Structures are given as structure tokens and as C-alpha cells.
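*Asks:* This is the structure I want to talk about, given as C-alpha cells.
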Amino acid sequence: MSHDDHHHGHSHGSAHAHGDHHHELGFWQKYVFSVDHKVIGIQYAVTALVFLFFGFTLMMLMRYQLAYPKGTFPSFFAKIFGAANMPGGTMLPEFYNQLGAMHGTIMVFLGVVPLAVGGFGNFVLPLQIGAPDMAFPRLNMASYWVFFVGGVVMLFSFFVTGGAAQSGWTSYPPLSNIAPFGQTLWLIGMVFLITSSLLGSVNFIVTTVQLRAEGLSFFRLPFFVWAQFVTAFLLLLAFPPLEAAGVLQLMDRVAGTSFFMPEGLVVGNRMVEVAGEGNPLLWQHLFWFLAHPEVYVLILPAMGIVGEVIAINTRKPLWGYRLVVYSVIFLGFMSFIVWAHHMFMTGMGTTMSAFFQTTTMIISIPSVIILTAFVISLFGASIRYTVPMMFALAFLPMFAIGGLTGLPLGLTAADIHLHDTYYVIGHFHYVVAPGTLMGLFAGVYHWFPKATGRKMNDMLGKLHFWGTLIFLNGAFLPMFWIGMAGVSRRLYDQTKYFHGDAVQDLTVLSSWSVWLLGIAQIPFIINFFASMRVGKKVSDNPWAATTLEWAAPSPPPHGNFAVVPVVYRGPYEYSVPGAASDFSPQFVAKA
Amino acid sequence: MGGHGAEDIAKHVRVYVTVFAALLVLTIVTVGVAQFHLPIRTAVALAMLIALIKGSLVACYFMHLISEKSIIYWVLTLTVLFFVFLMLLPVLDVGGSTGSPL
Amino acid sequence: MSAEIKYITEPHPITGVSNAKLGIWLFLASEVMLFGALFSTYILLRVGSNHWPHGWEELNVPLATINTVVLIASSVTMVMAWASVKLNQFGKFRMYLGLTVLLALTFLVIKFFEYRPKFDHHQVWLHDGTSMRGHLTEDDDEQDYILFTRDADKEHPDVHHEAEKIERERIFRHSSFGPGHSNFFGTYFTMTGLHGLHIIGGVIVNTWLLFPGAVMFRTNRERFAGRIECAGLYWHFVDLVWIFLFPSLYLL
């Protein structure tokens, strides 16, 4: 609870435009246990990218099992995973389940959220509001390290007896209650991750409310800041119920309670000796009370990035800025009362289903407004097709597919057929992978020059873009057909069923796309690390942008700004008639 | 809080002592009422009413919510709203499966 | 030219609060949702249960009442500690904050004595649907029976039972009155346990402010008052949670 300003924060006012003039800081304080929001942001981003890649490799393994259920893995894999997981090169179903559960957990809680919120939020938000740092720098550092410990606990769970969690990323009881020890570690890991998010969200909200530069009113905030601000509220208020649920499940597993255990549960032909009278659906309610807002935690920061990139590269103001901001607020609010649309098939009564069906239809409206505003922003613009802009443009149709395919799932009648099939997988991956990840990649290319003072290579960037776009669609588009054919998302070998065997070709296509998608990331990895050293050096404001982060040196020193910025106008004043150039930065007084 | 001068603080201290006394009395009342083993609905209503009064006293005077800045009220209003959704959860669950709430 | 973070001590001109105060309220907002979820769970499980005992049948109401008084008193001493900082009375501040910590520790000790007997006391459910309460006199895994001493009947409290043999094959389940006993006890231990963890957290923070942290009383009293206020807000919140826990678990 302490809120010290860091003791070395005041000595850097000098106009040095170099980040590495921190004579008094040793290596550990500067790069590892740093309280500087930019270093923490980069720590988050790099850790998250590593986790994203790790989570992705889990999926590449699963796709092999799905594509070639009768075949065996190459001996190389059999050797790595050993007889416990892959005897004779055949992946055990238990191992497959572990990969599935951990893929979801890692991608959502250790990959996308830390990258979108911890990474971009930490790095960009204080810069965009003209603050020297987050309001609570040490809390910020604590947030990263708590996240890190949570991640380590999750990874460690692969090595314990019985392996990692294997009850899906949703961990539905009673299955998860009777799962091996890995599930306990999953719960402990989640408690760490949730705590980290809570610390982070408190910091984001206080920083945005208290530390905005002079003249930067709420309706002069860049859209990205708004997106992060709403996201922080979602994290703050939606995560605690899951923390409570995690504690309850932990009690069920460790202390023998039966919060989620029904009476007379029989496992392995034996009645489980617990008190019973628990309610497995209670977990689903608490889980989705978080996890639906969590969907917006995943998407809003990406929308924020896309809004920024589009405005800058169209050289036009973002169309309907206020409308978009109100939509984001409304979206955040509504996201708290749609959770039970994940539970239509649990025997919920028709009145409740009708209620949640209605709220679900309503929540699609602000998403459509935002997307439409972005599309209208493109109208009549002379678009600069830079790499970040290409990713941002691709975000629009990808997210649209993800959003529109969600409507049938939100309608109770259609959901009866589609629930728990590959259609659902296709739907939410279009939102999160081709959608959010496209936005996040746009962000990486867009703010890389600010973080390093160098630009990422365009050629490699374009290679990365086209590979990613094509193979993401190759991976997820077939899933709609597989799902409509009725194939369950949990199947280990769909060819055992007639309706699954009939669409096996599509599954093979999807698998190959996934592996090629992996290869398509190689240019990005090379580009990312090589550009840090040999990328083209650029000015402080290479994109000719208007928002405050471009007023700071690249990379910004500790304390960020050489001169405390003052804001004179709204965030997207591009091509103002009569202005000297086609952009009028927020931080430059009117001539 | 009005001001934080010595005079004001002395006034606060008197308020704190009064609130303390009120909390003690209400604790005795709620325990006393419980001895009658009233029908459960009445008992719940009474106990929650007394708890609500006690909680409000703590929040208003010890936590100074009676004279707080509007930003804090905004945060708390939002929280209360989502708290209500959360408390609706059991109603939804039971009502959803049986057709009648609670 | 300054890289100072603003509004650490002095309030923001528009919002009127310091960073820390807004921060602690946001944190408390998330705590409301945490305990809210547990209360929601409690209601759902109780409503859905076939048999849920009244709190006063199973739990120690006198001890909990004393604890309620202890916690309320600690809230008063906490707020008095803050007032003492404001009035620049270091001695009084030390006394009040010290009392707060002592009262918190008293709460924990009483809690311990409330918890402990629950783990010595057992209930045995038999396959024929009956159950009995008492003490496990012998529970040797080698034997195919357990020795169990029933509690005295309510009607004849002075008639004590002898230990009796119960064959394991007749037993459906036996459990102490710990969290695994029933959802009532599960809820009771989880909610009071989590609340207890919050008490421990408060003790740690307040002890720090009482000793090493108190240096700031002399170096930057305004800021120190802010810290005590934040610690106080947290502490009153913990008290507030208990004000709702107490009737919910013990009196209903």
C-alpha cells in the first residue's frame, strides 16, 4: 500500500535525449527490478510474447494429433515428452487435454492480456497522457513480478505428477475438482495472475485520473487511453469474483469442502466421500462473471491501438471520436450482464435465457458502432500503407467475422446446435487471434520506434503480415464448417465419428495452416530482435503523429519528457485546414 | 471533511466516540434479537437491517464517506451497481432452474 | 523539467484526492466484489441446501460477539491514531495504533480458540441414514472399526456416553467439524478464513507503520497522515466485512 515516488526519479530533468544516462542505477535496478513504466512495459511485452509463442507451440502439437489421429509423432517428439505423455509416439489423451487447457490459459492470461494491458498499457498510457510515470511505480513493478511468479507456477505444473491442468481453460467442476495435482497449481497460478491484474488496474485508473498533463481533458484523450481506462475497470471489478471462485475450488481440492461437488458423485465406480450439496453451476456463474468482461479486456486495447494507427495513417481525424468513446464505455458496462450466454445449455430456464440473449444482442451494437466508425474514417483518405496500418486494416474484417459469427451463438435456438463445437472455437479465435493479435502486432510495429529509437524492417514486416493473415484464416475459417458439421471441440480423434470423419480434410487444412502460421512468425522474431540493434534510426516522431508520446525522445529517458508537455487540442487533428502541416500535435501551441 | 484544523479534529473525535457507542448498542441488539429465533425471513431482514446501519456508520464516519469527494462516490456507485449484479447471481441460478426466484 | 510524480501528498485540484486515496478506494472496490462473490455463494448454497443449520446451533456466538466488539474497538483506535497524527501528537498516535494492532491480535487469538474445538469434534454418518456426533477415541487404519464417544444428549447433559465400537463397513463418512464437514462449515471457514487473512494483512501494515514507517511522522507528517488514512480505510473495510459476516454466519 505504500506509494513512494521512486527515490531516483527526480534527478532526470536534464534534456539528455538518451535513455542510458542512468549513472546511478546498476544493471539489476535498471533492467530487472525497474520501477520505470517503460521498462516494465517492455518486460511485460517480451514475457507475454514468449508465452504467446509457447502457448502456440502447444497448439501446434495438438493440431498434429487432430490431423493425424492414427499416426504417430516423429521420434524426436516422443523422446522429448517421454513415455508418460507420448508412449511410442502416440499422444495420450490426458496429455492432449493438458495441452488444450494450458493453451487456453496461457494465451488468455499469460499472453494476450499481459501484452495488451501490461505491455502496451504500461508503456504507452503514461506517455500518451504526458505523465512522468505511473502513479505507483513500485506497485507497478510488484504487478509484473507477481505476474511472473504466476506464469512460473503455471509452467511448473507441467512437471508434477499427473501433469498440468487438464479440465479446459474454464476448469469446470466437478471434473476439475477431481483432476490431478496440476489443477491445484493452476488455481494458485491464477490467484497470482489475478492479483497482478488488480494491482495493475488500480495503477492505470489512478494514473489516468490524476496524472494527465495540463490541458488534457477526458475528451482530449487518445482513444487508446480510453480503451485502457475502461479495460482497467473491467479487470478491477470482474476479476475478484473469479479470485473468490478460485479460492472456493482450492478449498474443494485441498480442504475437502464441496462447494462445487454435487451429492452422490461417482468416480471410478466409487461414490466420492464428500458432504455434497454443492453447485457445479456456481463455478460457471463466477467464472463467466469474469470471463465475459475478460473478452473485452482482450479486445478493447487492440481496438485502441487500431484507432490510433488508423487516424495516423489516414491523416484524418478519427470519425465520430465521442461516439466511439461512449460506445467503449457502454461496451464495458454491458459486458458485466451478458455472462450467462455461455451457459444456455446448462438447463437454465427460458426467462433467464431470454434475458441474456437480449443483453447479448444489445452488446453487439457498440462493437458495430466502433468498427463502423473505423471504416468510415478510411473513407476519402489517402492511406499510408505502412506495416502497422496493414495490420490495423486487417483487424477490421477479421474482427467483423469474429463478431458476426458470435450472433448465432448468442441466440439460444441456434446455440443448441453450435454450442461446444468447433464453430465456437472459430468464433472466439477470430475475435482474439486474427482480431486482437492483428491489433497487437500493429501496436508492436507502431510503437517500436518509440521504445528503441529504431524502425522495424518494412520488407520483413510485410512478409510477416501476409503470412499471418493468410494462415490465420486458413487455420480458423475451416472451423466454422467443422463446427456446423457438429464436431465437438473436445474431441481427441474426430475420425471415430462419421460426422467428424466427413470433415477431417478441413481439420488437416487447419492444422497445416497452423504450422505455416508458426513459420510465418519467423520474420517477425528476426525483425524484432535485429531491428533493436540494426534497425533504421528514426526521429522522435517518425509517423508524424499528434499524440503526446511522440513529444518524448525515443527512447524516452526515465521521467519521459524533456519538457513537461501541455496539451492544446484534441488527439486527432490531422489535415486541419489552414494549418502549416498535415498534423497539428496536441503538444504544440497554435501558431 | 470540512477542514482538518485542530478544532475540526477535536469535533471528529467526539463523533467517533458516539459512533462507537452506537455500534456497541447495535451489536447487543442484533445478538439479542437472535435469541428469539424468529422465523427465518424476519430474522434475515432484521439482521441485515441492523448490519446495514452498522456498516453505514462505519463507512460514513470512520471512513469519512459522509463528506468525501465526488470521484470516490463515482467509483463506489459503479461498484455497488456491479455488486448488485453479483448478488443477483443466486436468484438467476435458482430462479433459472426452478422457475421461481428463491 | 521535472520527472516528479504529482499528487502523492497534496490533492489533485480537480478530483480533490491524492493518488493514494483514490488507489486505496479502487482496491476496496475490488474487495467488495471479492467478498460479494463469497456472500453470493453463501446465499446460493444455503437456498439450494436441504439442511442448513442455524449459525447459533453450531457456532460459538459469545466468542464471536466478543470479537465483534474487539474489531469495532480497533476501528475506533485506528481512526483515533489518524486524528493524533493530524493533531501532531506522536505519543498518542503510537498508543492508538499500538492498541489497534493489539486488538487485531486479540481478534486472531479468539478466532483460534473458536476454530480449534471444531477440529476435535466429529460426526459419523452411517449407511442407514443416521448420524452421531462426538469424539473419535480411536481411529486405527489397521482395525476394521473405530472407537467413538458420543456427545451427551441435550436433554441429559450430565449423562456421559462410553466409547463404542462402530464397524467401518457401517460408516458412510466421518468428518471433523472442519471445512469438509458440510457446506455450512465450508462457507464458515472460507469466509472467516479469508477475512482472517485480511486481518493478518492489516496487522503487518499497521505494525510497519508503527515502527519503521513512523519515521515519516517527523520527516513528512502530511504524507504520513495520508498513509495512516489509507491504512485506516483498509482496516475499517475489514471491520465492515465482519459486521456483515457476523450476523450472516452466526446469528441466522
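A short reminder: the numbers here are calculations on the coordinates, not readings from a lab. Fair warning: this is a prediction, and the values are worked out from it, not measured in the lab. Cβ atoms come from the backbone with ideal geometry, glycine included; neighbour counts cover every protein chain shown.
*Asks:* Ignoring solvent entirely, what values of log10 I(q)/I(0) come out of the Debye formula for the range A:47-95 at 0.13, 0.14, 0.26 Å⁻¹ when each Cα is a single scatterer?
*Replies:* So the normalised log intensities work out to -0.32, -0.36, -0.96.
*Asks:* Using only the alpha carbons of the range C:122-176, determine the length spanned along each of the three principal axes and report them from longest to shortest in whole angstroms.
*Replies:* Here the Cα extents, ordered largest to smallest, are 34, 22, 17 Å.
*Asks:* Can you grab the distance from the C-alpha centre of the range A:255-280 to the C-alpha centre of the range A:44-115, Å, no decimals?
*Replies:* Rounded to whole Å, the Cα centres lie 31 Å apart.
*Asks:* Can you give the net charge of the other residues whose Cβ lies under 13 Å from the Cβ of residue A:585, counting K and R as +1 and D and E as -1?
*Replies:* -1
*Asks:* Also, quick follow-up: For the pair residue C:47/residue C:121, report the inter-label distance in nm, with labels modelled 7 Å from Cα in the Cβ direction.
*Replies:* 2.9
*Asks:* State the answer as a single residue: which of C:61, A:485, A:229 lies farthest towards the positive end of the charge dipole of the protein assembly as shown, with beta carbon charges of +1 for Lys and Arg and -1 for Asp and Glu, about the Cα centre.
*Replies:* A:229
*Asks:* Could I ask something else about it? For the range C:100-109, take each phi angle, set θ = phi - 60°, evaluate the Karplus expression 6.51 cos²θ - 1.76 cosθ + 1.60, and give the result in whole Hz per residue in order, putting x for glycine and proline.
*Replies:* 4, 5, 4, 5, 4, 5, 4, 4, 5, 5
*Asks:* Sticking with this one: Around residue A:135, which amide H atoms from residues at least 5 apart in sequence, or from another chain, sit under 5 Å from its own amide H, with H modelled in the peptide plane?
*Replies:* The answer is A:207.
*Asks:* How far is the Cα center of the range C:67-84 from the Cα center of the range A:483-535, in Å?
*Replies:* Value for the Cα centre distance between the two parts: 60 Å.
*Asks:* Take the alpha carbon atoms of the range B:4-61, find their center, do the same for the range C:28-59, and report the distance between the two centers in whole angstrom.
*Replies:* Using only Cα atoms, the two centres lie 21 Å from each other.
*Asks:* Quick one: in chain A, what % of C-alpha pairs are over 39 Å apart?
*Replies:* 28
*Asks:* Continuing with this model, one more query. Please report, largest first and rounded to whole Å, the three semi-axes of the ellipsoid equivalent to the range A:24-73, where each semi-axis is the square root of five times an eigenvalue of the C-alpha gyration tensor.
*Replies:* Output for the range A:24-73: semi-axes of 40, 9, 4 Å.
*Asks:* If you project the alpha carbons of the range C:89-238 onto the principal axes, what extent comes out on each, in Å, largest first?
*Replies:* In descending order, the Cα extents are 71, 29, 29 Å.
*Asks:* Here's something else I'd like to know. Is any residue of the range C:210-252 close enough, with backbone N under 15 Å, to a label point placed 7 angstrom from the Cα of residue B:24 along the Cα-Cβ axis, and if so, which?
*Replies:* none
*Asks:* When Lys and Arg each count +1 and Asp and Glu each count -1, what net charge do the other residues less than 12 Å away from residue A:387, Cβ to Cβ, add up to?
*Replies:* It works out to a net charge of +2.
*Asks:* In whole percent, what relative contact order does the range C:122-176 give with Cα contacts below 8 Å and a gap of six or more residues?
*Replies:* For the range C:122-176, the relative contact order is 39 percent.
*Asks:* Can you give me the relative contact order of chain C as a percent, contacts being Cα pairs under 8 Å and 6 or more apart?
*Replies:* In percent, rounded to a whole number, it is 25.
*Asks:* How large is ³J(HN,Hα), in whole Hz, for each residue of the range C:182-193 in order, when computed from phi with the Karplus curve 6.51 cos²θ - 1.76 cosθ + 1.60 and θ = phi - 60°, using x for Gly and Pro?
*Replies:* For the range C:182-193, the Karplus curve yields 6, 5, 4, 6, x, 4, 4, 5, 5, 5, 5, x Hz.
*Asks:* Further, regarding this structure: Under a plain spin-label model, where a point goes 7 Å from the Cα along Cα-to-Cβ, how far apart in nm are residue B:37 and residue C:69?
*Replies:* 2.5
*Asks:* Rounded to the nearest 500 deg cm²/dmol, what is the calculated helix-only ellipticity per residue at 222 nm for chain A, with -39500 (n - 2.57) per DSSP H run of length n ≥ 4?
*Replies:* Taking each H run of at least 4 residues, the total per residue is -19000 deg cm²/dmol.
*Asks:* Using θ = phi - 60° and the Karplus curve 6.51 cos²θ - 1.76 cosθ + 1.60, what whole-Hz ³J(HN,Hα) does each residue of the range A:122-139 get, with Gly and Pro shown as x?
*Replies:* 5, 6, 8, 4, x, 5, 5, 9, x, 9, x, 5, 5, 5, 10, x, 6, 5
*Asks:* Non-local amide H neighbours of residue A:421 (under 5 Å, H modeled in plane, Pro and chain starts lacking H): which ones?
*Replies:* Amide H neighbours of residue A:421, under 5 Å, 5+ apart: A:489.
*Asks:* Compute the Rg to Rh ratio over the range A:35-130 from the alpha carbon atoms, using the Kirkwood formula for Rh, and round to two decimal places.
*Replies:* 1.19
*Asks:* How high is the relative contact order of the range C:92-209, given as a whole-number percent (alpha carbon pairs under 8 Å, six or more residues apart)?
*Replies:* 25
*Asks:* Let me ask something else about it. Determine how many Å³ per residue the convex hull of the Cα atoms of chain C encloses.
*Replies:* So the per-residue hull volume is 185 Å³.
*Asks:* How much of the pair distance distribution for the range C:34-157 lies past 23 Å, counting alpha-carbon pairs only, in percent?
*Replies:* Beyond 23 Å sits 59 percent of the P(r) for the range C:34-157.
*Asks:* Now a separate question. Would you mind checking which residues have amide H under 5 Å from residue A:271's amide H? H placed 1.01 Å from N; only 5 or more apart, or other chain.
*Replies:* Residues meeting the criterion, in which the H sits 1.01 Å from N, do not exist here.
*Asks:* Using only the alpha-carbon atoms, what does the range A:236-308 span along each of its principal axes? Please give whole angstrom values in decreasing order.
*Replies:* 58, 22, 16
*Asks:* Please give the net charge around residue A:484, taking every other residue with its beta carbon less than 14 angstrom from that of residue A:484, where Lys and Arg add +1 and Asp and Glu add -1.
*Replies:* -1
*Asks:* Would you calculate, for chain C, the mean residue ellipticity at 222 nm contributed by helices, counting each DSSP H stretch of 4 or more residues as -39,500 (n - 2.57) and dividing by all residues, to the nearest 500?
*Replies:* Helix contribution divided over all residues of chain C: -20500 deg cm²/dmol.
*Asks:* Once the cut-off is 24 Å, how many percent of the Cα-Cα pairs in the range A:474-591 end up in the long-distance tail?
*Replies:* 59
*Asks:* Okay, moving on. Based on Cα positions only, what radius of gyration and what Dmax would you give for chain B, in angstroms?
*Replies:* Cα only, chain B: 18.6, 60 Å (Rg, Dmax).
*Asks:* Sorting A:416, B:28 on the 10 Å Cβ count, fewest up front, what's the list?
*Replies:* Sorted ascending by nearby Cβ count, the order is A:416, B:28.
*Asks:* Sticking with this structure for a sec: With label points built 7 Å along Cα→Cβ from the Cα atoms of residue A:368 and residue A:346, find their separation and express it in nm.
*Replies:* Once both label points are built, they end up 2.8 nm from each other.
*Asks:* OK, next. How big is the equivalent ellipsoid of the range A:402-507 along its three axes, where each semi-axis is √(5λ) from the Cα gyration tensor, reported in whole Å from largest to smallest?
*Replies:* For the range A:402-507, the ellipsoid semi-axes come out as 35, 16, 9 Å.
*Asks:* Hey, what angle do you get for helix A:75-85 against the long axis of chain A, alpha-carbon based, 0 to 90 degrees rounded to 10?
*Replies:* 60
*Asks:* OK, next. On a 0 to 90° scale, report how tilted helix C:221-246 is relative to the longest principal axis of chain C, with both axes built from alpha carbons and the result rounded to the nearest 10.
*Replies:* Once rounded, the angle reads 20 degrees.
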